[in-house]
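Contents: one structure, followed by commentary.
Please treat every number below as a calculation from the coordinates, not as lab data. All values reported here derive from a predicted model rather than from experimental measurement. We place every Cβ from the backbone using ideal geometry, glycine too, and count neighbours over all the protein chains shown.
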Amino acid sequence: MRMKLVIAIVHSDDAQAVLTEISKSGYSATKLSTTGGFMKAGNTTLLIGVEETQVDEVIELIGKRAHSHKQIVTGGAGKSEGSVSAMPFEVKVGGATVFVVDVEKFVKL
């Protein structure tokens, strides 16, 4: 059995819905609070260990609950330091970034 580690970075607003969806389907995840992205917004990183044959299902479950949306920001959020913009602008936030990596060894203690 080949194991994979699914690393999913989701917007904090979607994290609980993603965790619920994963749990309902019998998977478990480790939740880490993280920060990053264009506006240094709050994210949640989920670590999910699965068998190789389960990777596509887990990614589909994440996609069902992690939705991108548009947000209006003002005052230079995400712009280079020293740059000020009084004009509001729209940015896309949310969704999910997913990485899948091989697991060389898996031990549950």
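For the range 1-58, state the semi-axes of the equivalent ellipsoid (square roots of 5 times the eigenvalues of the alpha-carbon gyration tensor), sorted largest first and rounded to whole angstrom.
Ellipsoid semi-axes (Å, largest first): 22, 13, 8.
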Return the distance in nm (one decimal) between the two label points of a simple spin-label model at residue 12 and residue 105, each offset 7 Å from Cα along Cα→Cβ. 3.6
